[in-house]
1. Can you pull out the residues in the stretch A:33-89 that are closer than 20 Å to A:Pro136 by Cα, without any contact (Cβ under 8 Å) to a residue 40 or more places away in the chain and within 21 Å of the chain's Cα centre (by Cα)?
2. Condition test on A:Pro35, is it assigned to a loop (DSSP other than H, G, I, E, B) and surrounded by 15 or more Cβ atoms within 10 Å (Cβ to Cβ)?
3. Out of the residues in the stretch A:162-174 that are hydrophobic (A, V, I, L, M, F, W, C) and either more than 28 Å from the chain's Cα centre (by Cα) or within 10 Å of chain B (Cβ to nearest Cβ) (or both), which is nearest to B:Ile101 (Cα to Cα)?
4. Among the listed residues B:Val244, B:Val223, which satisfies the condition of being closer than 22 Å to B:Gln179 by Cα, buried (at least 17 other Cβ atoms within 10 Å of the Cβ) and modelled with pLDDT under 95?
5. Residues that are within 19 Å of the chain's Cα centre (by Cα), more than 26 Å from B:Val25 (Cα to Cα) and more than 14 Å from chain A (Cβ to nearest Cβ): list the strands (runs of 3 or more DSSP E) wholly contained in the stretch B:57-137 that include at least 2 such residues.
6. Is one or more of the residues making up the stretch A:228-235 under 23 Å from A:Leu113 (Cβ atoms), free of Cβ contacts under 8 Å to residues at least 40 places away in the same chain and either polar (S, T, N, Q) or in a helix (DSSP H, G or I) (or both)?
7. Quick one: in the stretch B:156-175, of everything that is hydroxyl-bearing (Ser, Thr, Tyr) and either part of a loop (DSSP other than H, G, I, E, B) or touching a residue at least 60 places away in the same chain (Cβ under 8 Å) (or both), which residue is farthest from the other protein chains (Cβ to nearest Cβ)?
8. Tell me, yes or no, whether the stretch A:177-185 has at least one residue that is surrounded by fewer than 23 Cβ atoms within 10 Å (Cβ to Cβ), within 30 Å of A:Leu64 (Cα to Cα), under 21 Å from the mean Cα position of the chain (by Cα) and of a type in the set (Gly, Ala, Ser).
Amino acid sequence: MIVGLQRTSRALFTALVLGALFGLWELLVQSGVIPAFILPAPSGVLLTAVNSFSRIAPHMLITLAAVGYGIASAFAAALVTALLMHRFRSVRIVLYPLLVISQTVPLIVLAPLFILWFGFGILPKVLVVILVCFFPIAVNTLEGLDSTDRDITDLFASMGAGGLRILFSAKLPAALPHLFSGLKIAATYSMIGAVIGEWLGGTKGLGVYMVRAQKAFAIDQVFAAILYISAISISLLLLVLFLQRLIMPWHKEARL
Amino acid sequence: MEERIIFSAERIVKYYQNGETGVPVLSNISLKLKEREFVCILGPSGCGKSTLLRVLSSLEKADSGTIALDGNEITGPGPDRMLIFQEQDQLFHWLSTRSNIHLALGKTGTQSEQEREKQTTALLRQFGLQEAGDKFPHQLSGGMKQRAAIARSLAAGPRILFLDEPFSSLDAMTREHLQIFLLDLWKRRNLTLLFVTHDITEAALLSDRIIIMNAEGKLVKEVENTLSRPRDRDGTDLHKFTAVLRQELSHNPGL
């Protein structure tokens, strides 16, 4: 009861703060303190978003495709990499520095190179998403595999399980919370990755749409695109959370 | 009647590396377990009792010394010797109670899946866990978790159970209940038990024989427990015996 109450009051508090913020913003624009062509009011953004949905939708689908392919490939690659790095010390020694270095190269530099190499299609965007998503999934999963409770692996060993069976039947399920933490980070970043990829060169997608809107000084259209990007990112995060609850029914604390 | 030695450890030595020098955890430990015997190791916390059990189950390597089952030296872990921990999170938390037990049945060749299911159900019933079968470990009480852990280890078909203070994190009432439960289990099954504890009354109540271990990881004294069973936890005999044990413990500096 008390926990439920706390959760409700917390949600209420968040809603209040957000409401106040947007209310202030609305008020500033409506009263003319900030001209609407500089910063459109929240109500205006919402209206534009609804009105231009049919125009934005095809771009959104392209971006979603890049995100989908990107997360799926990053997930598969990260899982395999984490398992290999956990099992083979040599793989870990070779790959770990590479993984870290890959995160130090600025995306803003890499994305145009991808476009140069792979054209204006979807592939360079997918690559950017992979680059953004791979690292958090791989590193988190590896940490989960490494930190499996020794009692649990010992019990498997006593039951006569070999190294591979322990890896897949004990360590992998025990590492699932870590894996999902990585996946949550990846889901949040994936949209940004795809949009950056499109922003820097492309023919379709939300990033392209934003560039065009910006060049036409259609600030309300830019904000409408931002609204959709945020909404999709949040939906992706909720989707991961839903999957986590589905796959890990034993886990009590699957929350945001 | 001459009892058969089922398990023996000879001159087990183990050091923990501490910088350049090794700190001895187990100093030259030898012990023998007779078939169906209930032996308690009594010693202070942090005296290496847990390490000893891990070495005896071959989960950790000793620096020297050997262990043997039925007189044959063994080097690797196996379902013949199962270990029960103190911690209540030793169950596989991603599996239901039923699946925990079912998993431990292993793939021992000839058993059909139907037989395995039947065996799992029988174990659940025997351990009073019928209602808990489909629950996850975090939904069980502490006592149920420890019972489920014992049920699971029995599913693996061990001949020897090593128990590492299995009841010490439970409340007093549950602990007393599980002590009786374990005695009953031992009476009905062909099991040899090595039970580590720092609770003198527990050792006196349960064991056939008590081995006292000191803080330097040495077995310093063996006491036969000749109290007749069933034992009365509040009886004068048991109180006299615990007084003797307490005396023994106080004779050994470093405890």
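The values are calculated or read from the model by the stated rules, or taken from the named source; none is laboratory data. Note that the structure is a prediction, hence the values are computed from the model and not measured. In this analysis, Cβ positions are derived from the backbone assuming ideal geometry, glycine residues included, and neighbour counts consider all displayed protein chains.
1. A:Gly68, A:Ala72, A:Ala76, A:Val80
2. Working: assigned to a loop (DSSP other than H, G, I, E, B): yes; surrounded by 15 or more Cβ atoms within 10 Å (Cβ to Cβ): no.
Spelling it out, it is not the case that A:Pro35 is assigned to a loop (DSSP other than H, G, I, E, B) and surrounded by 15 or more Cβ atoms within 10 Å (Cβ to Cβ).
3. Of the stretch A:162-174, the ones hydrophobic (A, V, I, L, M, F, W, C) are A:164, A:166-168, A:170, A:172, A:174.
Adding the requirement that they be either more than 28 Å from the chain's Cα centre (by Cα) or within 10 Å of chain B (Cβ to nearest Cβ) (or both) leaves A:164, A:166, A:170, A:172, A:174.
Details: A:Leu164: 21, A:Ile166: 16, A:Ala170: 14, A:Leu172: 19, A:Ala174: 17 Å.
Step by step, filter the stretch A:162-174, then rank; the result is A:Ala170.
4. Working: B:Val244 fails: buried (at least 17 other Cβ atoms within 10 Å of the Cβ).
So the residue among B:Val244, B:Val223 that is closer than 22 Å to B:Gln179 by Cα, buried (at least 17 other Cβ atoms within 10 Å of the Cβ) and modelled with pLDDT under 95 is B:Val223.
5. Numbers: elements: B:64-69, B:72-74, B:81-84.
Result: empty, no element qualifies.
6. Of the stretch A:228-235, the ones under 23 Å from A:Leu113 (Cβ atoms) are none.
Among the residues of the stretch A:228-235, not one is under 23 Å from A:Leu113 (Cβ atoms), free of Cβ contacts under 8 Å to residues at least 40 places away in the same chain and either polar (S, T, N, Q) or in a helix (DSSP H, G or I) (or both), which makes the answer no.
7. Filtering the stretch B:156-175 down to residues hydroxyl-bearing (Ser, Thr, Tyr) leaves B:168-169, B:174.
Next, only the ones that are either part of a loop (DSSP other than H, G, I, E, B) or touching a residue at least 60 places away in the same chain (Cβ under 8 Å) (or both) stay: B:168-169.
Details: B:Ser168: 15, B:Ser169: 13 Å.
Only one residue fits best here, namely B:Ser168.
8. Yes - at least one qualifying residue is present in the stretch A:177-185.
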